[in-house]
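The values are calculated or read from the model by the stated rules, or taken from the named source; none is laboratory data. Please read all numbers here as calculations on a predicted model, not as lab measurements. Quick reminder, even Gly has a Cβ in these numbers, built from the backbone with ideal geometry, and neighbours come from all protein chains shown. For accessibility, only protein heavy atoms count, side chains too; no ligands or nucleic acids. Shrake-Rupley method; radii C 1.70, N 1.55, O 1.52, S 1.80 Å.
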Amino acid sequence: MILDKKTAGVDPAVLSVRELVSGLNRYYYVYTFGCQQNEADSEKIRALAEAMGYRRADRAEDADLVVVNTCAIREHAEMKALSLLGNFRAKKKNNPDFILGVVGCMAAEGHIKDILKNKFPYVTFTLEPNMIHRLPESVFRYLTDRKRSFVFGEDRGDIVEGLESVRQSPHKAWVSIMYGCNNFCTYCIVPYVRGRERSRAGSDIIAECHRLIDSGVREITLLGQNVNSYRSDLDFPDLLSKIAEIDGDFIIRFMTSHPKDTSDKLISVMAKYKGKIAPYFHLPLQSGSDSVLKRMNRTYTRDKFLSIVEKLRGSIPEIALSTDVIVGFPGETETDLEDTLDVLEKARFDTAYAFIYSPREGTPAAKMEDQLAEEIKGERIKRVFALQDKISYEKNLPYLNKTVRVLVDSREERGGSVIYTGRTDTNKLVHFTCDDASVGEFTNVKITKTGAFDLIGAKE
Ligand code: 5AD
Ligand code: SF4
């Protein structure tokens, strides 16, 4: 179902909370863990909080409404969020009006929701990722009846349109195009917490992009757990073409893609709209071993993966590639790990994000035999990092003495000089000096030094 919420104007809960907190000088603070989808959701939470009459606090300590937007992808992220919550125990004791909400993927895990409800009495509500728009309702219930609410398992197929965002950056915007995932990779919690794939209408997405570009946004990142399987009246390459055809000085990025859906049509659209669609592709490998890929339910082989890499580079020679790798999947042997290192050598990604496998309750891999010891996983990830650091360093060398276009993100004074930071179209981090760059605009930078993780230069 598609729900249309025009945030502030019509939601009775927003208006009621606004009335309740009017004149009280109430402040909010949002913590964000996890992926860009959560970043995008947090921007909507900020808009809802402001529509309800809360003002943004610089520090959580000063806030009357704290929302923790959580991630469930690995245990580490969950532990961080749970220990953060502990900081608010005393605050709640001293201030009965204090509201602590836990939203996002952890709230959609049944066992975590129960822990929050039973062991964290100072958590006032939880909302799953697809329920962000119900935040005002939860706040209202607590302010009026002191009722804690733990909404669970409802509306998982819905798409909510019309929520506003308070964006972190005036020149960069996230645009969610689809939600959920149908792939059920055996290690992954996402399909359980974010539900099945559903795509927004093409017309809604295109209208949103028009509005963003008209307001001066220079970079749009299309978001989804699996953007290539976007499907409405348009498929993903058609959607990309339509956005690329909008007039204006902007660049389009997208995340994340599954190799199985990386079609020739998509690659040719990227090549056709080179100036508008960033020559950058995040293509998660996960493992270079066919037997591990099979047990991960990834549905491609290492050869198939490498052939996609070859096609991308064949059509868009300047393209930068990044990937995700999991080490220590159950039953991963030394030979499997060597296969992963071998694919990294062959694919030569610009960047690889490597993660230690973390068993997630309710996923098939968590029940597999041969879970590996932490020491083995720790030793293996070090080998992945060492190899990739070397490749990343080598991949950046050709940038030396080249002039690149950079979208300027920030300006900072450091020890008497001004350093600007931005990203190339290929998503490389660039620090540069200059007399007069404008944050939020494209500028040309000549690279004078390269490293594995960034480029240094001066405005040309
Ligand atoms: N353990 C470790 N890493 C994981 N990822 C997903 N699930 C797990 C898990 N259980 C990684 C994958 C994915 C990235 C976002 O997080 O590499 O692409
Ligand atoms: Fe998780 Fe696989 Fe879906 Fe990515 S494609 S969100 S790794 S299940």
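Here are a few things to note about the model shown:
- Taking each of 304/390; 80/446; 119/260; 346/377; 172/304 in turn, the alpha-carbon distance tops 31 angstrom for 80/446; 119/260; 172/304.
- Once the Cα atoms are used to define both axes, helix 374-396 deviates from the longest principal axis of the chain by about 60 degrees.
- Carbon + sulfur, % of accessible area of the range 1-144 - ligands and nucleic acids excluded, 1.4 Å: 50
- Once the Cβ-Cβ distance of residue 394 and residue 122 is raised to the sixth power relative to R0 = 51 Å, the FRET efficiency obtained is 0.50.
- Residues of the range 21-52 with amide N under 18 Å of the 7 Å Cα→Cβ point at residue 58: 26-31
- The Cys residues in the chain with no partner Cys Cβ within less than 4.7 Å of their Cβ are 35, 71, 105, 181, 209, 434.
- Mean projected area in nm² (Cα convex hull; one quarter of hull surface) for the range 263-333: 4.9
- Average accessible surface for the range 318-460: 48 Å² per residue, computed with a 1.4 Å probe over protein heavy atoms with every protein chain in place.
- Taking a straight Cα-Cα cut-off under 20 Å and skipping sequence neighbours fewer than 8 places away in the same chain, the aspartates and glutamates within cross-link reach of residue 93 are 61, 62, 64, 145.
- Full-extension gain in nm, residue 370 to residue 346, via 0.36 nm per residue minus C-alpha separation: 5.8 nm
- Both radii were evaluated on the Cα set of the range 169-278; the Rg over Rh quotient, with Rh as the Kirkwood radius, amounts to 0.97.
- The range 400-459 - percent of accessible surface contributed by carbon and sulfur, probe 1.4 Å: 45
- Shape summary: the range 346-435 maps onto an equivalent ellipsoid whose semi-axes, from the alpha-carbon gyration tensor, are 38, 17, 13 Å in decreasing order.
- Kirkwood hydrodynamic radius over Cα pairs of the range 33-95, then Stokes diffusion coefficient at 4 °C and 1.567 mPa s, in µm²/s: 99
- Charged side chains reduced to their Cβ positions (Lys and Arg at +1, Asp and Glu at -1) give the chain a dipole of some 540 debye around its Cα centre.
- Degrees, to the nearest 10: 12-21 long Cα axis against longest axis of the chain: 70
- Nearest 10 degrees, 0 to 90: helix 202-214 Cα axis against the chain principal axis: 90
- Stokes-Einstein D in µm²/s, Kirkwood radius over Cα pairs - the range 285-419 at 4 °C with 1.567 mPa s viscosity: 77
- R0 of 25 Å, Cβ-Cβ distance residue 147-residue 89: FRET efficiency to nearest 0.05: 0.80
- Carbon/sulfur fraction of accessible area - the range 169-278, other protein chains in place, 1.4 Å, %: 50
- Size-normalised alpha-carbon gyration radius of the chain, reference 2.2 N^0.38 Å: 1.01
- Residue 402 versus residue 249: modelled label distance in nm, points set 7 Å from Cα along the beta carbon direction: 2.2
- In this calculation the C-beta distance from residue 196 to residue 268 is compared with R0 = 30 Å, giving a FRET efficiency of 0.55.
- Over all pairs of different C-alpha atoms, the range 400-459 has a mean inverse distance whose reciprocal, the Kirkwood radius, equals 11.1 Å.
- Over the range 295-362, volume per residue of the alpha carbon convex hull, in Å³: 103
- Cut-off under 5 Å, modelled amide H: who pairs with residue 161 long-range: 3, 4, 5
- Convex hull of Cα atoms in the range 10-150, direction-averaged projection (nm²): 7.7
- Along the chain, longest interval not containing exposed trypsin sites (Lys or Arg not before Pro), exposed being DSSP loop plus at most 10 other Cβ atoms within 10 Å: 147-460
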